[in-house]
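Q: Dumping the structure here so I can ask a few things about it.
What follows draws every value from the coordinates through simple rules; no lab data is involved. No experiment lies behind these values; they were computed from the predicted model shown. Backbone-built Cβ (ideal geometry, glycine too); neighbour counts: all protein chains shown.
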Amino acid sequence: MSIELLSGDCLDLMATIESGSIDCAVTSPPYNMNLRIRNGKHCSRQIVKEISTKYENFPDNLPMQDYYDFNKKVIAELLRTCGTVFYNVQFLTGNKSALYRLIGDYHENMKEFIVWDKVNAEPAIGGGVLNSRWEAVLVLQSKEKAISRKFEHANFGRGELQNLLQIKRGKKITGTHGAVFPLELAEMLVRSFAPITGTILDPFMGTGTTGIACLNTGRGFIGIEKDKCYFDIGVKRINERIKEIEQDGLI
Ligand SMILES: C[S@@+](CC[C@H](N)C(=O)[O-])C[C@H]1O[C@@H](n2cnc3c(N)ncnc32)[C@H](O)[C@@H]1O
C-alpha cells in the first residue's frame with residue numbers, strides 16, 4: 001500500500017492530482033470556530049489561550065464569505081479527484097450559513113447525510129443555546145452517481161450499516177490540536193466504502209487519523225497538511241504505526 005504525506009496548502013497540492021485517480025476522500029475541514037457574533041454581526045473572537053481555539057497556530061476565523069469560497073473550491077477539487085467524498089463538519093455560528101449554502105450549491109452531488117452522534121453532548125456555549133451532540137458527514141459524488149443512494153463500493157451487507165453512527169469523540173492527540181476525529185469513524189468509512197486496494201485522500205490531515213485508518217485497513221493514503229507542526233505530528237504518528245504493523249508482520 002502506498003502512503004504519501006505532503007506538506008502545504010491543500011488547494012495548491014490537490015491541483016497536481018489527476019482527475020478521478022482517488023477512490024475516496026475522508027476529511028474534516030477547519031470549522032471556523034473563532035468567528036462569533038457581536039451586536040448581530042459576525043466578528044472575530046478574541047483568541048485567548050485559556051478559552052482557546054482548537055489549534056495552536058491557526059486562527060480559524062475567516063469571514064463567512066471567505067470560509068464559503070474556500071470550502072467551495074475544496075469540495076470542487078475533491079469531486080474532481082475522488083469517487084466519493086466524506087466531508088465531516090459541525091454546524092456552528094462561525095460556519096453554518098456557509099455550510100447551508102454549500103449544501104444548496106452541491107445538492108445534486110449530495111448522496112447521503114450521515115449523522116455522527118457523539119453520544120455525549122458538548123455543553124452549550126451560553127444560555128439559550130442547544131447542547132451540541134452531533135456532527136455531519138456530508139457524502140458527495142458526481143451528479144450521475146449521487147442520484148442513487150446505492151454505493152458502488154459497499155463492503156457491508158444489506159441492513160448492516162445505518163446513516164446515524166454512535167461514536168464517542170476522538171482522543172486529543174496533542175495538547176495543541178483539539179479538532180481530531182475519532183479513529184473509529186475514519187476506519188468505519190474507509191473499511192465500508194473504499195475498495196480493498198483503494199486510495200484515500202485527506203486534504204486536512206491534521207494529526208493523521210485518516211492515515212492510521214488506512215494503514216489499519218490496508219488502503220493507500222495521500223495526506224496533505226498546511227501547518228508544519230501538525231504535519232510533523234501526523235508523519236510521526238503514521239510512521240510509528242507503520243513500524244508496529246511491520247513488527248507484527250502485517251505488511
Ligand atoms: C479539523 S482539522 C483535521 C483534523 C484531522 N482529521 C485529525 O484527525 O487530526 C483541520 C486541519 O486542516 C489544516 N488546514 C487548514 N487549512 C488548510 C489548508 N489550506 N491546506 C491544508 N491543511 C489545512 C489545519 O491545520 C488542521 O490541522
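Q: Tell me what the chain gives for mean residue ellipticity at 222 nm when only DSSP H runs of n ≥ 4 count, each as -39,500 (n - 2.57), the sum divided by the residue total, rounded to 500 deg cm²/dmol.
A: Here the helix-only value at 222 nm equals -9500 deg cm²/dmol.
Q: Related question: Within the chain, which is the longest segment containing none of the GluC sites (Glu not before Pro) that sit in a DSSP loop and have at most 15 other Cβ atoms within 10 Å?
A: In the chain, the maximal stretch lacking such sites is 57-151.
Q: Please report the projected area of the chain's Cα convex hull averaged over all directions, in nm².
A: The directionally averaged projection comes out at 13.9 nm².
Q: Okay, next question. Within the stretch 205-232, what residues put their amide N at less than 15 Å from the label point 7 Å along the Cα-to-Cβ vector of D248?
A: 212-219
Q: Which pairs break 26 Å Cα to Cα here: K73/K226; K73/K243; K96/K168; K118/K145; K72/K228; K118/K228?
A: K73/K243; K118/K145; K118/K228
Q: Please identify which residues in the stretch 109-147 have an amide N closer than 13 Å to a label point set 7 Å out from the Cα of K168, following the Cα→Cβ vector.
A: What the label zone holds, given the 13 Å backbone N cut-off, is 118-121.
Q: Please give the FRET efficiency for K150 paired with E18, using the beta carbon to beta carbon distance and R0 = 41 Å, rounded to the nearest 0.05.
A: So the FRET efficiency works out to roughly 0.95.
Q: Also, quick follow-up: Going by C-beta contacts inside 10 Å, put D232, D23 in order with the fewest on the left.
A: Least to most surrounded, the residues fall as D232, D23.
Q: Give the average over all directions of the projected area of the C-alpha convex hull of the stretch 1-148, one decimal, in nm².
A: Answer in nm², one decimal: 10.9.
Q: As a test of understanding, state the convex hull volume per residue of the stretch 64-200 from its alpha carbons, in Å³.
A: 141
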